[in-house]
Amino acid sequence: MRVISLLPAATDIVAAVGGSEFLVGMTHECDKPAHARAAERVTATTVCDGPPEEVDARVRELSHAGAPLFTLDADRIRALRCDLLITQALCDVCAVRETDVRTLAATMSPPPAIVTLGGTTLDGVLADVERVAAAIGRGSEGASVSAALRVRMRAVHDRLHEAAAPRPTVAVIEWCDPIYLAGHWVPEMVHRAGGRDVAATVGQHSTVSTAGTVASADPAVVLIAPCGYDVARAADAARTLLARDDWRWARDRVVWALDANQLTSRPGPRLIDGIETIASILHPSLFPAPREEFARLVGRR
């Protein structure tokens with residue numbers, strides 16, 4: 001079995017179910033598993049890193065023109081002669097477009113099988129784990145991983161239930177300029193962590209918002225988790241927001257920066273780390289302090 005993963009979350013899933021040795025290609029953003037890093041990098045981005053407002057402007061420019069934000073190394077992918085391509089149908093801003101993958105696959109001989117990740121809720125993500133596992137011949141391992149992740153979520157629930165813990169109000173910011181409210185599985189993560197997301201809806205796409213709209217939702221806790229940022233960059237982004245006049249209201253709230261790559265952005269096993277981390281933030285008397293590489297307190301506790 002020769003597998004090319006075109007999404008970091010898919011690489012995480014393949015590794016979690018014991019299929020790392022099958023990976024012959026992966027994205028330029030894949031950072032785990034360490035022993036799969038010898039796999040060829042077969043994607044690139046057309047959006048250079050920079051201030052969030054510049055990144056957003058470039059993304060909008062390319063999207064308006066119908067141009068891809070991520071590119072595939074078609075020659076390298078053909079040369080790797082994979083049996084399976086794993087892609088996604090969630091967000092054209094976050095990864096290669098499924099249509100581009102299918103167009104390329106149709107030119108390959110023989111054409112590889114394609115698995116598309118599409119879960120927008122935690123149940124959907126866990127179903128994707130099992131689908132990927134089955135596709136690489138690791139079906140039983142996929143069921144075991146999915147079950148183990150559910151056990152971890154249940155452990156958080158049980159502790160909250162036993163303590164009759166109140167649910168603080170929460171807003172999760174996925175991008176800082178313009179403001180995006182985190183959608184898809186993130187509101188459900190907040191709920192399972194013992195909070196109440198007052199700004200977004202489970203399963204829906206992330207949405208553009210304003211500081212005023214977030215303020216009117218009156219969150220007690222604000223989590224800053226810009227897509228693609230590690231915790232240090234997220235902390236810098238959070239401090240920049242709090243320095244703005246339109247975010248003055250948040251200076252007396254609890255504000256944490258999260259490593260979005262590790263915790264919220266990748267629809268795979270890492271989301272459960274995210275739930276456990278958010279639970280630690282919202283209920284510090286019930287759970288151990290979050291790991292520093294995952295989350296940092298930026299404002300008031």
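Among the residues of region 195-202, are any under 14 Å from the mean Cα position of the chain (by Cα) and either buried (at least 23 other Cβ atoms within 10 Å of the Cβ) or farther than 13 Å from Val255 by Cβ (or both)? So that I can check it myself, show each step before the final result.
Of region 195-202, the ones under 14 Å from the mean Cα position of the chain (by Cα) are none.
No: zero hits.
For Trp247, which of the numbered conditions (1) within 24 Å of the chain's Cα centre (by Cα); (2) farther than 14 Å from Leu181 by Cβ; (3) part of a helix (DSSP H, G or I) fails to hold?
Going through (1) within 24 Å of the chain's Cα centre (by Cα); (2) farther than 14 Å from Leu181 by Cβ; (3) part of a helix (DSSP H, G or I) one by one, Trp247 breaks only (1).
Would you say Val59 is at pLDDT below 80, in a helix (DSSP H, G or I) and either in contact with a strand residue (DSSP E or B) (Cβ under 6 Å, 6 or more places away or on another chain) or not assigned by TED's automatic domain parsing to the domain that holds Val208 (or both)?
Working: at pLDDT below 80: yes; in a helix (DSSP H, G or I): yes; either in contact with a strand residue (DSSP E or B) (Cβ under 6 Å, 6 or more places away or on another chain) or not assigned by TED's automatic domain parsing to the domain that holds Val208 (or both): yes.
Taking the combined requirement at face value, the residue satisfies it.
When only residues in region 124-178 that are surrounded by fewer than 21 Cβ atoms within 10 Å (Cβ to Cβ) and basic (Lys, Arg) count, which is farthest from Ile275 (Cα to Cα)?
Within region 124-178, the match that is farthest from Ile275 (Cα to Cα) is Arg131.
Okay, residues lined up against (1) among the acidic types (Asp, Glu); (2) modelled with pLDDT of 95 or more; (3) touching a Phe, Trp or Tyr at 6+ places or on another chain (Cβ under 6 Å):
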{"residue": "Ala215", "(1), (2), (3)": "no, yes, yes"}
{"residue": "Pro219", "(1), (2), (3)": "no, yes, no"}
{"residue": "Ile224", "(1), (2), (3)": "no, yes, no"}
{"residue": "Asp252", "(1), (2), (3)": "yes, no, no"}
{"residue": "Ala257", "(1), (2), (3)": "no, yes, no"}
{"residue": "Asn261", "(1), (2), (3)": "no, no, no"}
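Quick one: what pairs do we get from region 209-232, first residue surrounded by 22 or more Cβ atoms within 10 Å (Cβ to Cβ), second in a strand (DSSP E or B) and hydroxyl-bearing (Ser, Thr, Tyr), C-beta under 6 Å, 6+ apart or different chains?
Note: pairs meeting the criteria are Pro219/Thr169.
Scan region 283-291 and tell me whether some residue there is in the same structural domain as Met189 (by TED's automatic domain parsing), basic (Lys, Arg) and without any contact (Cβ under 8 Å) to a residue 24 or more places away in the chain.
Step one: list which residues in region 283-291 are in the same structural domain as Met189 (by TED's automatic domain parsing), which gives 283-291.
Subset that is basic (Lys, Arg): 291.
Filter again for without any contact (Cβ under 8 Å) to a residue 24 or more places away in the chain, leaving 291.
Yes: region 283-291 contains one or more residues that are in the same structural domain as Met189 (by TED's automatic domain parsing), basic (Lys, Arg) and without any contact (Cβ under 8 Å) to a residue 24 or more places away in the chain.
So which of Ser285, Ser265, Ser280 is crowded, with 23+ Cβ neighbours inside 10 Å, among the small types (Gly, Ala, Ser) and not in a strand (DSSP E or B)? Before the answer, list the steps.
On the way: Ser285 fails: crowded, with 23+ Cβ neighbours inside 10 Å; Ser280 fails: crowded, with 23+ Cβ neighbours inside 10 Å.
Answer to the check: Ser265.
Here is a yes/no grid of residues against (1) of a type in the set (Asp, Glu); (2) touching a residue at least 60 places away in the same chain (Cβ under 8 Å); (3) in the same structural domain as Thr277 (by TED's automatic domain parsing):
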{"site": "Ala95", "(1), (2), (3)": "no, yes, no"}
{"site": "Asp100", "(1), (2), (3)": "yes, no, no"}
{"site": "Thr103", "(1), (2), (3)": "no, no, no"}
{"site": "Val125", "(1), (2), (3)": "no, yes, no"}
{"site": "Leu149", "(1), (2), (3)": "no, yes, no"}
{"site": "His157", "(1), (2), (3)": "no, no, no"}
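Collect the residues in region 4-32 that are among the aliphatic types (A, V, I, L, M) and either in contact (Cβ under 8 Å) with a residue 60 or more places away in the chain or not assigned by TED's automatic domain parsing to the domain that holds Ala113 (or both), keeping them in residue-number order.
Kept after step one, since they are among the aliphatic types (A, V, I, L, M), are these residues of region 4-32: 4, 6-7, 9-10, 13-17, 23-24, 26.
Listed by number, the residues that qualify are Ile4, Leu6, Leu7, Ala9, Ala10, Ile13, Val14, Ala16, Val17.
The values are calculated or read from the model by the stated rules, or taken from the named source; none is laboratory data. These numbers come from a predicted model, not from an experiment. Cβ coordinates were reconstructed from backbone atoms using ideal geometry, including for glycine residues, and neighbour counts include every protein chain displayed.
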